[in-house]
Amino acid sequence: SPGSRGSPGSPGSPGSPGSSRSSRSSSRSRGSPGSRGSPGSSRSSRSSSRSRGRSRSPGSSRRRDYSHHPGAPGKQRLSVSAAQVKELRERTGAGMMDCKRALGEVDGDMEAAIKALREHGLASASKKGGRVAAEGLVGLFVSDCGSRGVAMELNCETDFVAKTDDFAALVAELGQALLAVEGAAEGEGADVNDVALASGGTLAARVTEAVTTMGEKISLRRWVRIESAGGRVGAYVHAGGKIGVLVEIEGAGDPQQELCRSVAMQVAAAAPRYVDRDSVDPDEIEGEKEIYRNEALASGKPEKILDRIAEGRINKYFREICLLEQEYVRDTDLTISDLLEKESGSAGGPLAVSRFVRYQLGEGIERRVANLAQEVAEQISQTT
């Protein structure tokens with residue numbers, strides 16, 4: 001009958017198709033949203049977990065503490081205006097952020113900020129003291145009357161800084177200060193630390209200030225001041241400050257100022273070591289002669305003519321190292337001695353080179369060769 005157990009057409013019978021559909025429907029109903037284990041239940045659980053994470057109490061230990069921040073409530077700090085920063089930069093030449101930081105640390109007190117920057121400059125100069133400064137400029141300065149001249153070498157670390165207007169202005173300021181001091185002298189930078197500048201302060205303080213503003217080691221390596229009682233001082237700068245020469249010529253006056261410059265140019269080009277052969281150390285002369293004798297003997301020359309060969313070669317040596325015996329670079333038919341004799345007629349008396357000074361930038365300084373791989377390795381070893 002239609003209602004008997006196992007009958008294919010019975011909707012509610014356990015084995016009928018209808019029973020199977022009912023069973024699947026029941027199974028789906030057990031997986032409905034909100035039931036345990038369902039996808040909806042998982043989303044609800046994660047949402048609940050996130051909501052619990054957001055609802056931390058105000059006193060939770062993971063809350064950030066801004067009480068130490070400069071702008072935190074309860075900490076009074078004056079704001080620094082752009083006008084104050086500008087004024088401090090103009091007065092000190094320091095960088096904008098350095099000026100802003102200095103003003104902020106002293107609550108806008110201008111004089112205190114200047115002092116802080118100077119102290120910072122001393123510290124910076126001390127840190128940069130171990131660096132190699134082989135770039136820079138050779139500066140020459142001659143008084144209006146032409147009887148006094150100064151040569152100086154101011155060094156920095158890079159050619160980039162050496163070419164700036166600020167560095168050139170520093171050379172001029174220091175050079176004029178050295179020129180204002182009377183008397184012939186020479187020395188190193190430490191010898192003139194206390195020389196006063198026209199702008200105020202000392203030479204040493206000005207150099208320290210420049211270290212702060214330019215960010216490199218700066219040092220006055222050497223200087224010389226020539227003073228002529230009865231002549232003129234000539235000056236010549238070559239290659240934009242790479243070589244500088246001062247020459248003192250006794251008997252010269254204003255009409256011979258160009259001659260003084262020409263002789264200085266000769267010294268720059270030919271690099272003599274002495275004024276004349278009488279200035280050469282006798283030991284050096286004998287040493288050269290001995291070398292020439294040994295060379296001639298080794299080449300098979302008879303011993304009786306060795307001294308004559310040595311004398312001939314030493315005369316050639318003098319023509320290379322002695323200014324008065326060199327060929328004049330502007331007219332090779334003349335020596336410098338011939339040139340002075342020729343010009344003495346217009347001077348109204350004899351002309352004589354008393355002394356010369358030739359500075360070549362960086363000569364004698366052991367330049368540091370950069371090795372990037374080695375520098376990186378050293379830095380890594382210091383941090384580990």
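Tabulated results
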item	result
Average Cα contact separation per residue, the range 222-286, under 8 Å, 6 or more apart, as relative contact order %	28
Whole-Hz couplings from phi, Karplus 6.51/-1.76/1.60, listed for the range 169-181; x for Gly and Pro	5, 5, 4, 5, 5, 5, x, 5, 5, 5, 5, 6, 7
Cross-link table K289/K316; K242/K316; K86/K163; K86/K115, entries beyond 19 Å C-alpha to C-alpha	K242/K316; K86/K163
The range 266-286 and the range 163-233: distance between their alpha carbon centers, rounded to Å	29
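Here, each number is a calculation from the coordinates, and none is a lab measurement. Values in this document were obtained by computation on a predicted structure and should not be read as measured data.
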